[in-house]
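Okay, so here's the structure we're looking at.
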Amino acid sequence: MEVTASSPGKINLGLWVGALESSGYHPLLTAFQAVDLWDFVTARSDDQMSLEVKGSVDCGLVPHDERNVAWQAARALAKHCGKEEAVALQISKNIPVAGGMAGGSADAAATLLALDALWECGLDDSTLQQLASTLGSDVPFSLHGQAAIGRDRGDALTAVAIEKPLHFVLCPSEGALSTGAVYAEYDRLSPRASVPTAIDPAFLAAWQAGDAEALAPLIHNDLQPAAISLMPELETLATQIEKAGALRAAVSGSGPTMWGLALNAEHAGEIAQALRADGITTWVTQSSLENPRLRLSR
Ligand code: C5P
């Protein structure tokens, strides 16, 4: 029996970050939007744990052992369900690695879904969400998919109903940024930060309606100055994305992937073409309105 599950990458249309708490984490308010770029995890029963990683993106940085959050997800689920840690995992990556798009979290979420089915654990959504939150702040959203407001560490989610998708270009910068390092730089730059209690109603309305023009001026990422401080070339990239026609460019999460907002699919294609002509790797994508998926095969 072999089971494959998939989970999408995300961008943060809005990310507001408070000051460091004694837990070592920061309180957040964030607008999570899944995009149509999916990682796949295939799980097959075996007599020991193993992990293979391949994909359409550079996977050089991805660990093949217990340092990989997908491996940790398998371990956490085995412990919770009283199963043996014995499974061959194969990850197929399409989400940029260490790019601020929750690629590792997507792999952990897809592993939970795949192994829950393979091991016939039958866990309900809230138990899976609870396990997900022990693995990383973004893993609950990767399990949820679609669109949601995240609070606390980003793991307390409220679903947002989207009427119309937004269209994006993605520019996966060369190199990686560690989430922890970006947060540490944020503390240095903004030691007395506070987080708003709610998303601006105008932001929410534009997000739900897929109204790119109304949303563009409201896009915000508190971590962007910290990401730029660690990787100054991101500022030039933002200018290039906006010069190519994007309504707004921003860092995704802690970066370094940058995204640009387009008016529609055709406009996104035109922006991508202009950026590629300047030698910048660019993908076109849109809001994903689908749940993380499961596929069973024998
Ligand atoms: O939860 P996750 O393992 O993805 O977080 C990685 C690092 O990012 C944490 O160790 C912490 O330094 C930082 N972080 C934070 N506040 C959050 C989420 C992550 O400080 N809300």
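Every read-out reported here was derived from the displayed coordinates using simple, explicitly stated rules and does not represent laboratory data. All values derive from a computational prediction rather than experimental measurement. Positions of Cβ are backbone-derived with ideal geometry, glycine not excepted, and every protein chain shown enters the neighbour counts.
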Where a ≥ b ≥ c are the square roots of the eigenvalues of the C-alpha gyration tensor, would you call the stretch 196-280 rounded, which needs a/c under 1.5, or, failing that, prolate if a/b is larger than b/c, or oblate? oblate
Helix-only [θ] at 222 nm, the chain, -39500 (n - 2.57) per DSSP H run of 4+, per residue, nearest 500, equals -10000 deg cm²/dmol
From the phi angles alone, apply the Karplus equation (6.51, -1.76, 1.60; θ = phi - 60°) to the stretch 248-257 and give each ³J(HN,Hα) in whole Hz, x where the residue is Gly or Pro. 7, 10, 8, 6, 8, x, 8, x, x, 4
Rel. contact order, % - alpha carbon contacts under 8 angstrom, at least six apart, the stretch 15-103: 35
Treat each spin label as a single point 7 Å out from the Cα along the C-beta direction, and report the Q273 to D124 distance in nm. 5.2
Might you report the magnitude of the Cβ-based charge dipole of the stretch 2-160 about its Cα centre, with Lys and Arg at +1 and Asp and Glu at -1, to the nearest 20 debye? 380
Counting lysine pairs in the chain that sit 8 or more positions apart or on different chains, with Cα atoms under 21 Å apart, gives 4
Taking the Cα centre of the chain as origin, sum charge times position over the Cβ atoms of Lys and Arg (+1) and Asp and Glu (-1), and report the length of that vector in debye to the nearest 20. 60
Output ordering of 104-116, 215-227 (per-residue mean of other Cβ within 10 Å, highest first) is 104-116, 215-227
Helix 265-277 vs. the chain, principal-axis angle (Cα, 0 to 90°, nearest 10): 80
The stretch 1-66 to the stretch 107-167: how many Å between their Cα centroids? 10
Calculate one ³J(HN,Hα) per residue across the stretch 34-48 by plugging θ = phi - 60° into the Karplus curve 6.51 cos²θ - 1.76 cosθ + 1.60, and present them in order as whole Hz with x for glycine and proline. 6, 10, 7, 9, 10, 9, 10, 10, 10, 10, 9, 4, 8, 8, 8
Extension gain A198-E290, at 0.36 nm per residue separation less the Cα-Cα distance, in nm? 30.6 nm
Give, as ranges by residue number, the residues of the stretch 211-248 whose backbone N falls under 14 Å from the point 7 Å along Cα→Cβ of R188. 225-232
Once the chain is represented by equal point scatterers at the alpha-carbon sites, with solvent omitted, what log10 I(q)/I(0) does the Debye formula produce at q = 0.07, 0.15, 0.16 Å⁻¹? -0.25, -1.15, -1.28
Between Q208 and T281, what is the spin-label point distance in nm, taking each point 7 Å from the Cα along the Cα→C-beta axis? 3.8
The stretch 93-99 - phi-based ³J(HN,Hα) in whole Hz, Karplus 6.51/-1.76/1.60, Gly and Pro as x: 9, 10, 8, x, 7, 6, x
